[in-house]
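*Asks:* Have a look at this one.
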């Protein structure tokens, strides 16, 4: 795949960032994310009165000598999260546009790197048809991550992607234990809303990253043209069409794109999910340091 962004310089620029996840996630022991529950770290958080059954080793005897009441020391809890990244591998994501494909992989790789850099687990799921393949398993640590990333750049984008079926049918989604990211242009006839509803039901933190090219946002075609759908099976597919593009049709298209992006954003807001719509003419660093900072998924 051409249009690769992945190199040592790219990852080194990510060192100052970290994933900003909700404090109400449960996660696994041994990570770096502070959660609302109390745990076993060395950082003091609060006191509470002793109750029958509590661990007497946590009693603060200095307070007992002052108040003649038993109080427990409470400490902060840090957890390891699971970042699950779905990549739309349909033809519209890069079959005829290596730059768009490389951009999608770069965003997915950056979010994965931030996960392992902060001691979290990460998994990549390639959406093809109704299934999401996970060729690398659960990745823990930078050594395993870079081994997977070297192969991630070889993804082939072709056919269609059913985001709903792939996400709902995933076997290792987990429950209340981290972040799910869907990287796609969302040019699909399937119901992507049900995927978000399912992830919300599973109490996952959700981020949708929509990737579009400048031409997809504001095409410059005029006159009579043949529009060929990249996911069409053959030239006779009804998705392909011959149309005459004039100023009114251009304005109608621009309005349709605004409505489409607005619908994605509105639905995500209604479900407590995060949404970022980005164009491939923006530098990847701008997306990471500005757009994703703006939605609150990194800090």
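The values are calculated or read from the model by the stated rules, or taken from the named source; none is laboratory data. This is a predicted model, so every value here is computed, not measured. With ideal geometry, Cβ positions are generated from the backbone for all residues, glycine too; neighbour counts draw on all protein chains shown.
*Asks:* Please give the number of the condition residue 125 fails out of (1) touching a strand residue (DSSP E or B) at 6+ places or on another chain (Cβ under 6 Å); (2) modelled with pLDDT under 95; (3) crowded, with 21+ Cβ neighbours inside 10 Å.
*Replies:* Result: residue 125 passes all but (2).
*Asks:* Another question, then. Counting only residues that are part of a helix (DSSP H, G or I), touching a strand residue (DSSP E or B) at 6+ places or on another chain (Cβ under 7 Å) and surrounded by fewer than 20 Cβ atoms within 10 Å (Cβ to Cβ), how many does region 153-199 have?
*Replies:* 0
*Asks:* Another question, if that's okay. Is it fair to say residue 281 is farther than 22 Å from residue 18 by Cα and either part of a loop (DSSP other than H, G, I, E, B) or not assigned by TED's automatic domain parsing to the domain that holds residue 97 (or both)?
*Replies:* On the way: farther than 22 Å from residue 18 by Cα: yes; either part of a loop (DSSP other than H, G, I, E, B) or not assigned by TED's automatic domain parsing to the domain that holds residue 97 (or both): yes.
So residue 281 passes the test.
*Asks:* Looking at (1) within 22 Å of residue 179 (Cβ to Cβ); (2) over 16 Å from the mean Cα position of the chain (by Cα); (3) assigned to a strand (DSSP E or B), can you tell me which one residue 72 breaks?
*Replies:* Residue 72 satisfies all of (1) within 22 Å of residue 179 (Cβ to Cβ); (2) over 16 Å from the mean Cα position of the chain (by Cα); (3) assigned to a strand (DSSP E or B) except (1).
*Asks:* A follow-up question, please. Just checking, which of 235, 243 is part of a strand (DSSP E or B) and either at pLDDT below 80 or closer than 25 Å to residue 90 by Cα (or both)?
*Replies:* Values: 235 fails: part of a strand (DSSP E or B).
From the options 235, 243, the qualifying one is 243.
*Asks:* Scan region 204-221 for residues that are surrounded by fewer than 16 Cβ atoms within 10 Å (Cβ to Cβ) and either out of contact with any strand residue (DSSP E or B) (no Cβ under 7 Å at 6 or more places or on another chain) or outside the structural domain of residue 85 (by TED's automatic domain parsing) (or both) and jot them down. Quick ask: steps written out before the conclusion?
*Replies:* Let us first name the residues in region 204-221 that are surrounded by fewer than 16 Cβ atoms within 10 Å (Cβ to Cβ), namely 214-215, 218, 220-221.
215, 218, 220 - these are the residues of region 204-221 that are surrounded by fewer than 16 Cβ atoms within 10 Å (Cβ to Cβ) and either out of contact with any strand residue (DSSP E or B) (no Cβ under 7 Å at 6 or more places or on another chain) or outside the structural domain of residue 85 (by TED's automatic domain parsing) (or both).
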